[in-house]
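Visitor: Here it is, the structure, as structure tokens.
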Amino acid sequence: MERFIDIVHVRETTTLSLKNGIIGLLAQHSLSPSSIWGQYYDGASNMQGDINGLKILMQKESKGVHSIHCFAHQLQLTLVAVSKRCDEVQELLLVVSDILNMVGSSFKRRDELRESQAEEIEEALRKGELETGRGLNQELGLARAGDTRWEKCKAKRYLKACLTFEIVFMLHFMRTILAITNELNVAFQKKEQDIANAMILVRVAKDRLQLLREKGWASLIDEVSKFCIKYDILIPNFDEPYVILGRSRRRVAEYNFFHHYHVVVFCKTIDWQFQELNNRFDEVTTELLLGVACLNPVNSFSSFDIEKILRLAKLYPDDFDKYSIVDLHFQFENYIVDVRDHDKRFFDLKGLGDLSKKLVETKKHGTYPLVFRLVKFALLLPVATATVERAFSAMKLIKTDLRNRMDDELLSGCLVPYIEKEVFSNISNEAIMDTFQNMKTSRGEL
């Protein structure tokens, strides 16, 4: 990071330095920024900022430098953003995190929790209150272990916090919201995504949030009330004035409990979640990825949609002007009949890479030059999966404070087996030992 003083302002030029570094690297290889078709960074503000973020600075160099951020991380950031705007959500996350850390720091406490939970689940299953099956009511791993010691007073404090209407309400409410986005989260975590279905799930999540806002209040309150009655938790009178925490009871809010939980918490939290989904999964990114998905030749070009592909091309006006778009439309109409219905050499292709190779092998890249150009551009776009984000997380696990002097070669050697576990799990220990034994010794003779 670089800083300099300008009269009375301190300016940081981190992103400018990164931009100049990228431009300089391209210049060394005789490449122009106008040739960039996509950029992919983590979620840091200096990368994703809408004013001076690196993605904005790079987009000023070329209209087609669209940024794609990891979808799984973006979905996580929607919850982070909502928690920052809603105190009740943030308080709930803090309480849950503290409890998980406390329980997770002791094997004895974990065993006691498992036994207690197993008894409750068995009783609920016997009464028909719960269902079982794959992924339902089964033991889940607890969060990271903490360093705190088990103290009764702290346990009582957490128990007291959990036995309040506010925590019970927020637990049921946030569980409902997270359940709505769960399928979307699972889809984004997959290493190989079906982008078209993932984009549909985004719209499904938005529709369900809207439905929850319009019709979900009554069922939520009914569920919360039953829970409170079962565990003897005091339910406030919704007609009474709401008392803001930290204020004197003489200085109550200008609204009642119903307004607080229904409007201030329920409606606003859903609105913020909806807004974050709109902001992070914007129209440009959606059109970009849907267009790429429609080019995919898998299942005999079953995802092909000429209109969505043309909208992808229009996002790059420097490469496809209005005249090229017309020509591209006609080329695609002939192309799809050719490769899907007549030329058997294009059957059973596994992806865009296979399609690109086959177009060259059959010399159809000369027959459909604009189609081939768009396929090449689609191959250059970064994939919006969680793989890259997992690589960043892996670096923190491999390069720790005790191993902070690792050079790039050793770091790479440790990261690759850790990240690509599926590949290295097929390599036998004998093969690894033989490889090391055949390596030259690093010990020199005097």
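The values are calculated or read from the model by the stated rules, or taken from the named source; none is laboratory data. Given the structure is predicted, the values throughout are model-derived calculations rather than measurements. Backbone-built Cβ (ideal geometry, glycine too); neighbour counts: all protein chains shown. Surface accessibility is based on the protein's heavy atoms, side chains included, excluding ligands, DNA and RNA. Shrake-Rupley method; radii C 1.70, N 1.55, O 1.52, S 1.80 Å.
Visitor: Listed residues Leu57, Leu79, Leu75, Leu26; which is under 30 Å from Met174 (Cβ atoms), at pLDDT 75 or above and open to solvent by less than 40 Å² (accessible area, probe 1.4 Å)?
Guide: Sole residue among the options that is under 30 Å from Met174 (Cβ atoms), at pLDDT 75 or above and open to solvent by less than 40 Å² (accessible area, probe 1.4 Å): Leu75.
Visitor: So, in the range 369-398, of the ones that are at pLDDT below 75 and among the basic types (Lys, Arg), which residue ends up most open to solvent (accessible area, probe 1.4 Å)?
Guide: By that ranking, first place goes to Lys396.
Visitor: If you don't mind, there's one more thing I want to ask. Out of the range 312-343, which residues are basic (Lys, Arg) and at pLDDT 90 or above?
Guide: Arg340, the sole residue that qualifies.
Visitor: Every residue in the range 408-433 that is open to solvent by 90 Å² or more (accessible area, probe 1.4 Å) and among the acidic types (Asp, Glu), please.
Guide: Once the filter is applied, which keeps residues that are open to solvent by 90 Å² or more (accessible area, probe 1.4 Å) and among the acidic types (Asp, Glu), the range 408-433 yields Asp408, Glu409, Glu422, Glu430.
Visitor: Tell me which residues, restricted to the range 352-368, are modelled with pLDDT of 85 or more, in a helix (DSSP H, G or I) and surrounded by 14 or more Cβ atoms within 10 Å (Cβ to Cβ).
Guide: Asp354, Leu355, Ser356, Lys358, Leu359, Lys364, His365, Thr367
Visitor: Taking only pairs six or more apart or across chains, which ones have beta-carbon atoms under 7 Å, a first residue in the range 268-291 that is on the phi > 0 side of the Ramachandran plot, and a second residue that is among the small types (Gly, Ala, Ser) and open to solvent by less than 20 Å² (accessible area, probe 1.4 Å)?
Guide: none
Visitor: Which of the following residues is among the acidic types (Asp, Glu) and in contact (Cβ under 8 Å) with a residue 40 or more places away in the chain: Asp319, Asp305?
Guide: Going through Asp319, Asp305 in turn, just one is among the acidic types (Asp, Glu) and in contact (Cβ under 8 Å) with a residue 40 or more places away in the chain: Asp319.
Visitor: To continue, here is another question. Scan the range 29-41 for residues that are open to solvent by 50 Å² or more (accessible area, probe 1.4 Å) and modelled with pLDDT under 70 and jot them down.
Guide: Ser35
Visitor: Could you list, in sequence order, the residues of the range 171-180 that are closer than 15 Å to Leu212 by Cβ and either among the hydrophobic types (A, V, I, L, M, F, W, C) or open to solvent by less than 10 Å² (accessible area, probe 1.4 Å) (or both)?
Guide: The answer is Phe173, Met174, Ile177, Leu178, Ala179, Ile180.
Visitor: Got a number for residues in the range 266-290 being at pLDDT 80 or above and acidic (Asp, Glu)?
Guide: Count: 2.
Visitor: If you don't mind, another one. Of all the residues that make up the range 264-297, how many are among the β-branched types (Val, Ile, Thr) and open to solvent by 50 Å² or more (accessible area, probe 1.4 Å)?
Guide: Total meeting the criteria: 1.
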